[in-house]
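**Q** Pasting a structure below so you can have a look.
The values are calculated or read from the model by the stated rules, or taken from the named source; none is laboratory data. Just so you know, these numbers come straight off a predicted model, no measurement behind them. Here the Cβ is made from the backbone with ideal geometry for all residues, glycine too, and neighbour counts use every protein chain on show.
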Amino acid sequence: MNQRSYRVAVLGGDGIGPEVTSAALEVVNAAGVNIATTTYDVGAARYLRDGFVLDDETLEQLGGFDAILLGAIGPAIGDTRIPGGILERGLLLRLRFGLDLYINYRPFQGVRGSIAQGCEFAIVRENTEGPYAGEGGVLRHGTAHEVATQGSVNTRFGVERCVRYAFERASKLVEPRLTLVHKTNVLTFAGELWSRVVREIGALYPNVQVDYNHVDAACIYLVENPQRYGIIVTDNLFGDILSDLAGAVTGGIGYAASANLNPERTSASLFEPVHGAAHDIAGTGKANPLAAVSSAVLMLEHLGEVEAASRVARAVQEFNGDVASLGTSGITKQLMENL
Ligand code: IPM
Ligand code: MN
């Protein structure tokens, strides 16, 4: 069989991160896709040892892979040796900005017993602008006249490429629907740009039904009426908050997968489960690899391994074991049997 092989950088990270990425790679391998992995030691432990998060040379190397698979990053709860934000900005945001991973794509499927049982929708979040761009500063720090500003950057270029990607995704749904989520009644400058771009790009996709929700209303609908959504397109900060809510209503972020994409493929894209490092269960064999496996599904789709991707996705959907009693290896085994 003439099979393609892929070079994937594996950033296992901290806590359960390395366990869930190896489980995911085992399943990918069992699905018949050849992956040559290169492991990079990044995260809290590395930072504490060497004093840096991600150097320029590593960033550049990572961009050259076919894909990057990340486990989880972060110190144990209560470990205060690393100031908050250092790892998030130094690794995740550095990768997003440095590799121009301008789409954050998070699909959700309501698992049995969840509020959103049976619902399927995805959040397309702009991933390189908004308040995350770091515009702002501090004046007269620590005085009674202190000023702190934190701007939101919304460029025509950035909004347009995000909205285009969202419409592309929406147009391929069985029921093509797209909802812009923003706060246009208050955030009038950015809101008007997003609305106008959605109108303009929407005209090129007449099959897609377009809707708009204010972000606060979207928080109610996600809980009370999640079946109304197909693709939600939104800015970086709203997307961050909504995706945690979406994770919670569809069964918990233990299931949530995420892709940080460079759709033009000018660099590698990054795939990661949404959950954290869960140091308390690291090394016990109890880590749930389902979100990492679902992130690997997104990776396979991006690599063009569509058939393998849908086989693994189906195995995850059909998984009906007891997560707690099966543990990492039991879950992985059942997934491989279901392929
Ligand atoms: C996420 C995370 C990150 C974000 C943090 C860790 C910087 O919450 O991927 O959703 O805010 O985007
Ligand atoms: Mn988040």
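**Q** For I201, state whether it is surrounded by 19 or more Cβ atoms within 10 Å (Cβ to Cβ), under 21 Å from Y105 (Cβ atoms) and away from ligand 1 (no atom under 16 Å from the Cβ). If you could, list the steps in order and put the result at the bottom.
**A** On the way: surrounded by 19 or more Cβ atoms within 10 Å (Cβ to Cβ): yes; under 21 Å from Y105 (Cβ atoms): yes; away from ligand 1 (no atom under 16 Å from the Cβ): yes.
It is true that I201 is surrounded by 19 or more Cβ atoms within 10 Å (Cβ to Cβ), under 21 Å from Y105 (Cβ atoms) and away from ligand 1 (no atom under 16 Å from the Cβ).
**Q** Applying the selection to region 211-254, what residues are within 16 Å of ligand 2 (Cβ to nearest atom), assigned to a loop (DSSP other than H, G, I, E, B) and among the aromatic types (F, W, Y)?
**A** None; the set is empty.
**Q** Is it the case, given these coordinates, that T155 is of a type in the set (S, T, N, Q) and within 16 Å of ligand 2 (Cβ to nearest atom)?
**A** Numbers: of a type in the set (S, T, N, Q): yes; within 16 Å of ligand 2 (Cβ to nearest atom): no.
No, not satisfied.
**Q** Among the residues of region 98-114, which ones are outside any loop (DSSP other than H, G, I, E, B), crowded, with 18+ Cβ neighbours inside 10 Å and not polar (S, T, N, Q)? Give the steps one after another, and end with the answer.
**A** Going through region 98-114, the residues outside any loop (DSSP other than H, G, I, E, B) turn out to be 98, 103-110.
Next cut, crowded, with 18+ Cβ neighbours inside 10 Å only: 103-110.
Listed by number, the residues that qualify are I103, Y105, R106, P107, F108, G110.
**Q** Another question, if that's okay. Could you tell me which residue of region 130-185 is surrounded by the most Cβ atoms within 10 Å (Cβ to Cβ), considering only residues that are among the small types (G, A, S) and farther than 21 Å from N262 by Cβ? Before the answer, list the steps.
**A** Applying the first criterion (among the small types (G, A, S)) to region 130-185 yields 130, 133-134, 136-137, 142, 144, 148, 151-152, 158, 166, 170-171.
Of the ones still in play, those that are also farther than 21 Å from N262 by Cβ are 136-137, 142, 144, 148, 151-152.
Details: G136: 13, G137: 11, G142: 6, A144: 5, A148: 10, G151: 12, S152: 17.
Ranking the qualifying residues of region 130-185, first place goes to S152.
**Q** Pairs only if they're at least six apart or on different chains, beta carbon under 8 angstrom, first in region 57-84 and among the β-branched types (V, I, T), second surrounded by fewer than 16 Cβ atoms within 10 Å (Cβ to Cβ); list them, first residue then second.
**A** What qualifies is I73/E88; I77/D280; I82/L48.
**Q** Could you identify the single residue in L339, L335, L300, L270 that is under 27 Å from Y165 (Cβ atoms), among the hydrophobic types (A, V, I, L, M, F, W, C) and either more than 16 Å from ligand 1 (Cβ to nearest atom) or part of a helix (DSSP H, G or I) (or both)? First the steps, then the outcome.
**A** Values: L339 fails: under 27 Å from Y165 (Cβ atoms); L335 fails: under 27 Å from Y165 (Cβ atoms); L270 fails: either more than 16 Å from ligand 1 (Cβ to nearest atom) or part of a helix (DSSP H, G or I) (or both).
That would be L300, the only listed residue that is under 27 Å from Y165 (Cβ atoms), among the hydrophobic types (A, V, I, L, M, F, W, C) and either more than 16 Å from ligand 1 (Cβ to nearest atom) or part of a helix (DSSP H, G or I) (or both).
**Q** Would you mind finding the one in A36, A9, A45, A30 that is touching a residue at least 24 places away in the same chain (Cβ under 8 Å) and within 20 Å of the chain's Cα centre (by Cα)?
**A** Values: A36 fails: within 20 Å of the chain's Cα centre (by Cα); A45 fails: within 20 Å of the chain's Cα centre (by Cα); A30 fails: within 20 Å of the chain's Cα centre (by Cα).
Testing whether each residue is touching a residue at least 24 places away in the same chain (Cβ under 8 Å) and within 20 Å of the chain's Cα centre (by Cα) leaves just A9.
**Q** List pairs: first in region 287-313 and over 18 Å from R4 (Cβ atoms), second among the aromatic types (F, W, Y) and crowded, with 22+ Cβ neighbours inside 10 Å, Cβ under 6 Å, 6+ apart or cross-chain?
**A** From residues that are over 18 Å from R4 (Cβ atoms), the pairs are L290/Y255; A291/Y255; S295/F271.
**Q** Name the single residue that is nearest to A324 (Cα to Cα) among those in region 247-258 being buried (at least 22 other Cβ atoms within 10 Å of the Cβ) and more than 11 Å from ligand 1 (Cβ to nearest atom).
**A** Narrowing region 247-258 to residues buried (at least 22 other Cβ atoms within 10 Å of the Cβ): 247, 250, 255-258.
After this cut, where a residue has to be more than 11 Å from ligand 1 (Cβ to nearest atom) as well, the list is 250, 255, 257.
Numbers: T250: 18, Y255: 14, A257: 19 Å.
Filtering first and then ranking leaves Y255.
**Q** Can you say whether T37 is closer than 25 Å to Q334 by Cα, modelled with pLDDT of 95 or more and either of a type in the set (S, T, Y) or surrounded by fewer than 21 Cβ atoms within 10 Å (Cβ to Cβ) (or both), as far as the supplied structure shows? Lay out the reasoning, then the answer.
**A** Details: closer than 25 Å to Q334 by Cα: yes; modelled with pLDDT of 95 or more: yes; either of a type in the set (S, T, Y) or surrounded by fewer than 21 Cβ atoms within 10 Å (Cβ to Cβ) (or both): yes.
Taking the combined requirement at face value, the residue satisfies it.
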